[in-house]
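Colleague: Structure below; questions to follow.
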Amino acid sequence: MRRRIQFLWLFFNNGYWAFLGKEKIYTGPLKAFCAPGLNCYSCPAATLSCPIGAIQHFLSELRFNWHNSIYVFGIYVLGTMIIIGAFVGRMACGWACPFGLLQEIIFKLPTRKFPLPKYFSLFKYAILLFFVFLLPILIIDKMGYGEVWFCRYLCPVGTLEAGLPLLILIPSLKQQITWVFYHKLIILSIFLIMTIFFKRPFCHILCPLGAFYGLFNHFSLFQMHVDKTKCKKCDICYKYCPMGIKIYENPNQLDCLRCLTCYNVCPEKAISLTFGTHHTMLLKDKHHI
Amino acid sequence: MRKINLTWFFIFLGLFFIIFGLYFGEVKILLKKATNICLSCMGIG
């Protein structure tokens with residue numbers, strides 16, 4: 001069921017296929033809403049806005065001067081991200097992120113697999129703080145504008161979903177290619193190759209949206225619980241987890257995507273789910289999600 | 001109890017941000033930005 005929902009989100013997030021004839025991106029009213037996952041809004045088929053791209057654009061255009069001030073912080077985008085996080089934590093990563101889906105599909109290639117060191121996960125918090133929030137405000141050009149640091153220098157999703165398709169669609173854009181494009185192409189290639197051997201490496205190491213949602217995992221309305229009397233630490237959950245985490249160590253840890261794979265595969269039925277402040281059982285009778 | 005309060009604090013904070021964002025016209029600005037091709041996002045230019 002999760003895979004179907006992931007594909008549904010993929011096609012909803014990228015549902016504007018008229019771009020093939022018109023050679024321009026979607027400009028309709030749906031772009032006023034933020035996508036729950038990381039999905040570049042410059043993708044010709046994108047119907048929703050990327051929250052990380054949007055918030056950087058707002059912050060990069062903050063101007064604190066008398067003559068031409070702009071004090072719009074992007075609180076609408078931030079509010080949307082907070083609401084999603086407060087309701088379900090990082091669940092959007094597991095169910096609605098197109099790049100997450102791509103990584104899970106590539107990981108299925110039959111090769112030897114490796115675990116990622118835990119401390120790699122900390123890197124994405126530095127990316128969120130510096131590349132998304134601080135650098136776009138602090139480093140400005142002569143005109144007083146900042147840059148979208150994460151999108152411009154790091155985001156492989158923008159290269160895959162927007163850069164490459166638009167270069168094919170509008171060949172005249174090739175004249176504007178600089179070293180940044182090749183730099184991002186290398187980052188994309190590195191992550192795609194890593195995805196063959198490691199579980200969702202982009203989500204572990206780089207994704208600032210996942211880092212933001214993950215901060216809410218401990219106190220979101222949706223919570224996961226492990227009954228330690230039932231859990232035998234057989235590690236089946238660890239084997240199937242798309243992030244390679246041990247849910248019994250901490251059921252609401254920062255990297256958990258709430259994909260519910262562990263809930264489905266646990267032979268002891270030790271994992272339960274709650275939604276809301278009364279901690280009522282969400283699903284009393286187990287069935288596959 | 002503290003956990004519950006923090007959850008609802010963030011839900012109301014999020015709603016507050018969305019309402020004020022709408023009030024300050026952020027949606028129009030977002031629409032203007034998101035409906036143009038962003039060369040920086042693509043890594044071009």
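Colleague: Under a plain spin-label model, where a point goes 7 Å from the Cα along Cα-to-Cβ, how far apart in nm are A:I196 and A:K246?
Modeller: The answer from the label model is 3.0 nm.
Colleague: Same structure, new question: Contour minus end-to-end for A:F7 and A:T178, with contour as 0.36 nm per residue of separation and end-to-end as the Cα-Cα distance?
Modeller: Working: separation 171, 0.36 × 171 = 61.56 nm, distance 3.34 nm.
Residue separation times 0.36 nm, minus the Cα-Cα distance, leaves 58.2 nm.
Colleague: A further question on this structure: What length, rounded to one decimal in nm, is gained on full extension from A:I139 through to A:K24, with 0.36 nm per residue of separation minus their alpha-carbon distance?
Modeller: Full-extension gain reported as 38.3 nm.
Colleague: For segment A:76-175, take the convex hull of the Cα atoms, compute a quarter of its surface area, and give me that in nm², please.
Modeller: 10.2
Colleague: In chain A, which helices (entire DSSP H runs) extend 18 Å or more along their own long axis, judged by Cα positions, while averaging at least -1.0 on the Kyte-Doolittle scale?
Modeller: Both cut-offs are met by A:75-88, A:179-197.
Colleague: With 10 angstrom as the radius, rank A:C234, A:C50 by how many other C-beta atoms surround their C-beta, starting from the fewest.
Modeller: Least crowded to most crowded, the residues run A:C234, A:C50.
Colleague: Measure up A:K174/B:K32; A:K24/A:K108; A:K31/A:K174; A:K113/A:K232; A:K24/B:K28 against 28 Å on the Cα-Cα distance and list the ones that go over.
Modeller: Too far apart for the 28 Å limit: A:K24/A:K108.
Colleague: What is the sum of charges, Lys and Arg at +1 and Asp and Glu at -1, for the other residues whose Cβ falls under 12 Å from the Cβ of A:G163?
Modeller: Net charge around A:G163: +2.
Colleague: For chain A, with only Lys/Arg (+1) and Asp/Glu (-1) charged at the beta-carbon, what is the dipole magnitude about the Cα centre, in debye rounded to 20?
Modeller: It works out to roughly 820 debye.
Colleague: Got a sec? Charge dipole of the protein assembly as shown, +1 on Cβ for Lys and Arg, -1 for Asp and Glu; which of B:S40, A:G144, A:C262 is way out at the positive end?
Modeller: Value computed over the given set: A:C262.
Colleague: Right, here's the next one. In what sequence do B:Y23, A:Y41, A:Y125, A:Y263 fall when counting other Cβ within 10 Å, fewest first?
Modeller: Values: B:Y23 11, A:Y41 31, A:Y125 15, A:Y263 21.
With the sparsest Cβ surroundings first, the list reads B:Y23, A:Y125, A:Y263, A:Y41.
Colleague: Could you give the nm distance between label points at B:L15 and B:K32, where each point is 7 Å from its Cα heading toward the beta carbon?
Modeller: 3.0
Colleague: A further question on this structure: Along the charge dipole of segment A:158-253, which of A:G158, A:I247, A:S189 sits closest to the positive end, that is, farthest toward it, with unit charges on the beta carbon of Lys, Arg, Asp and Glu (+1, +1, -1, -1)?
Modeller: Value: A:I247.
Colleague: What percentages make up the Cα-Cα pair-distance distribution of chain A when the bins are 10 Å wide from 0?
Modeller: Histogramming chain A at 10 Å steps yields 6, 26, 34, 22, 9, 3, 0 percent.
Colleague: Can you put A:T195, A:T159 in order, fewest other beta carbons within 10 Å first? Please list the in-between numbers first.
Modeller: Values: A:T195 20, A:T159 26.
Going from sparsest to densest Cβ surroundings: A:T195, A:T159.
Colleague: Moving on. Could you give the length gained on full extension between A:L129 and A:T229, defined as 0.36 nm per residue of separation minus the Cα-Cα distance, in nm?
Modeller: Taking A:L129 through A:T229 to full extension adds about 32.1 nm, to one decimal.
Colleague: Binning at 10 Å from 0, report for segment A:133-289 what percent of all alpha-carbon pair distances ends up in each bin.
Modeller: Reading upward from the zero bin: 9, 28, 26, 19, 13, 5, 0.
Every number in this text was worked out from the coordinates using simple rules, so none of it is lab data. Because the structure is predicted, anything quoted here is derived from the model rather than measured. Note that each Cβ is placed from the backbone with ideal geometry, even for glycine, and that neighbours are counted across all protein chains shown.
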